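Engineer: Right, I'll just put the structure down here and ask away after.
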Amino acid sequence: GGGGGVAMAEGEALVSVDYEVFGKVQGVFFRKYTQGEAKRLGLVGWVQNTSHGTVQGQIQGPTARVQELQEWLRKIGSPQSRISRAEFSNEKKIEALEHKDFQILK
């Protein structure tokens, strides 16, 4: 946890981050809700179920919006889900978005 204030600037830096969410997150419309939340925030990327019972994907967009979705993935998720933890990795600044929209991958 922790963290200082985030300065909101025009032309804010774009970031890309990979995520994996652990808990009861499959079979509870988790991907559909994640897609909906990402679109609401104007983010792009993808989400998919893994073979070991987690949900993983990538988020790209303005730093502050990405952080909002990270908080959502940590604490909220879909109504029926029970999130035990969310892990984030490979966070990096990007020059441009690498995805057109936010997709659910099979």
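The values are calculated or read from the model by the stated rules, or taken from the named source; none is laboratory data. Remember, it's a predicted structure, so these values are computed and weren't measured experimentally. Don't worry about glycine lacking a Cβ; one is built from the backbone with ideal geometry, like all the others, and counts go over all protein chains shown. Side chains included, ligands, DNA and RNA excluded: accessible areas come from the protein's heavy atoms. Shrake-Rupley method; radii C 1.70, N 1.55, O 1.52, S 1.80 Å.
Engineer: What number goes with the only condition from (1) more than 17 Å from E12 (Cβ to Cβ); (2) out of contact with any strand residue (DSSP E or B) (no Cβ under 9 Å at 6 or more places or on another chain); (3) open to solvent by 30 Å² or more (accessible area, probe 1.4 Å) that Q35 does not pass?
Structural biologist: (2)
Engineer: So in the stretch 39-96, with the set limited to residues that are acidic (D, E) and touching a residue at least 60 places away in the same chain (Cβ under 8 Å), which one is most open to solvent (accessible area, probe 1.4 Å)? Break it down stepwise before answering.
Structural biologist: First, pick out the residues of the stretch 39-96 that are acidic (D, E): 68, 71, 87, 91, 95.
Add one more test, that the residue is touching a residue at least 60 places away in the same chain (Cβ under 8 Å), and what stays is 87, 91, 95.
Details: E87: 85, E91: 108, E95: 180 Å².
For the stretch 39-96, the residue satisfying everything is E95.
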